[in-house]
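Below is one structure, written out as structure tokens, with a few remarks after it.
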């Protein structure tokens, strides 16, 4: 009986491990995009440039196919001062490229695909250290970031 309990426990642990791995990998048409054991972003098992710091709190979002590229939204979780910063990864047959970071620090986003562009809209953000008035004002702001052909813009200007 003890052998069966031990075997069941191993199966449960293995299943949890496989599930966790699946959450950190997105299979694109050109190969896997994943977050490695140290929290770094990998394409086909190779470190992407520029590399993120170890344990940067990265998470992968849904996959979008735009023409000859697959595009994945990456979220860098930051805590209460700045809950989220975003990046797009453009994956093509021979490479994967990361855009500049964008966002207001808000983790409340809406994604909309229009043709060969993707918009990410979100409210402004003011953290707990800001006044309640500043938090209310920021929450009423609307920021829209547009991804098109590997470039992110806000109000028509490239994000740097």
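Bear in mind these aren't lab numbers, they're just calculated from the coordinates by the rules spelled out. The structure displayed is predicted, hence computed values, not measured ones. With ideal geometry, Cβ positions are generated from the backbone for all residues, glycine too; neighbour counts draw on all protein chains shown.
Structure data summary
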{"read-out": "Residue in segment 109-117 that is assigned to a strand (DSSP E or B), free of Cβ contacts under 8 Å to residues at least 12 places away in the same chain, under 21 Å from residue 62 (Cβ atoms) and in contact with a strand residue (DSSP E or B) (Cβ under 7 Å, 6 or more places away or on another chain) present", "value": "yes"}
{"read-out": "Residues of segment 118-142 classified as free of Cβ contacts under 8 Å to residues at least 24 places away in the same chain and either part of a loop (DSSP other than H, G, I, E, B) or within 27 Å of residue 26 (Cα to Cα) (or both), total", "value": "5"}
{"read-out": "Of residues in segment 50-76 being in a loop (DSSP other than H, G, I, E, B) and within 16 Å of the chain's Cα centre (by Cα), the one nearest to residue 100 (Cα to Cα)", "value": "50"}
{"read-out": "Cross-chain or 6+ apart pairs with Cβ under 7 Å, segment 148-159 first and part of a loop (DSSP other than H, G, I, E, B), then surrounded by 10 or more Cβ atoms within 10 Å (Cβ to Cβ)", "value": "150/90; 150/97; 150/99; 159/100; 159/102; 159/145; 159/152; 159/153"}
{"read-out": "Filtered residue count, segment 118-147, keeping only those that are touching a strand residue (DSSP E or B) at 6+ places or on another chain (Cβ under 8 Å), surrounded by 13 or more Cβ atoms within 10 Å (Cβ to Cβ) and more than 14 Å from residue 73 (Cβ to Cβ)", "value": "9"}
{"read-out": "Output for segment 37-52, where each listed residue is loosely packed, with under 14 Cβ neighbours inside 10 Å and at negative phi", "value": "37, 38, 46, 47, 49, 50, 51"}
